[in-house]
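Below you'll find the structure, written out as structure tokens, and then a few comments.
Readers should treat all values here as calculations from the given coordinates under stated rules, not as data from a laboratory. Here the structure is a predicted model, which means the values were calculated and not measured. Neighbour counts run over all protein chains shown; Cβ positions are idealised from the backbone, glycine included.
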Amino acid sequence: MDLNQTIRSYAAQPLPHQVLVSLLKDYKRPNEKMHDLQRQGILSSVRKGLYVAGPALGGSKPEPFLLANHILGPSYVSVDTALSYYGMIPERVFETTSMTTKPSRIFNTPEGLFSYTHLPLPYYAFGINRVFLSEDQYALMATPEKALTDKIVSSSGVNIRSRKGAAEWLLENWRMDEEQLRQLNTRMMSEWLKDAPKKNSLQMVINMINDL
């Protein structure tokens, strides 16, 4: 198998620098070869140390959610991106938003805009699923419950003081789907409260959902 075919075989996966070095082990200067492959469009750089198969090879690419997990880790897709994915908000989302234990960051890449918001442990670790995207592609993503609580926790200036305020914020401001909200596991959400930021706001949201 020649080098182009080898890289094409990885087209559905992000390619970290160390993987490319192993693929280029027969070259005396693998980093120079990487630059050459980028000039030829066989490789594309997403960020320093992370690549995908380039446009010259055609074929599939890693899904944005999978890329998001690799651009900055540990992380999982959440808030607006996950809420839109689950059909809980009507808006189409063009930025891939994630949560991380590292400092908040934004990456504007050739593959799209990826943003990361810091969350503290142990709250960060709750409500994360491994989601099937396509053949051989999976990503870490918040459950619907965690995407909602993350949205409240990470939204600057949001301080919900009553059930009425929670209803206004969820149903009017964000136009969240009421039937989807009814299906959320509020018992599980309540178990996160002791370790969560904005406990009072989250409790009001849980109370409001239970009243639906």
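Write down Rg/Rh for segment 35-86, rounded to two decimals, with Rg from the C-alpha atoms and Rh from the Kirkwood relation over Cα pairs.
1.08
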Backbone N within segment 121-140 under 19 Å of label point (7 Å from T101 Cα along the Cβ vector): 121-130, 140
For segment 68-124: rounded, prolate or oblate by the Cα gyration tensor [a/c cutoff 1.5]: oblate
Neighbour net charge for M88 - beta-carbon separation under 15 angstrom, K R +1, D E -1: -3
Set of segment 10-50 residues, backbone N closer than 17 Å to the point 7 Å along the Cα-Cβ line of E135: 10-14
Rounded tilt (10° steps) of 199-211 against the dominant C-alpha axis of the chain: 70 degrees
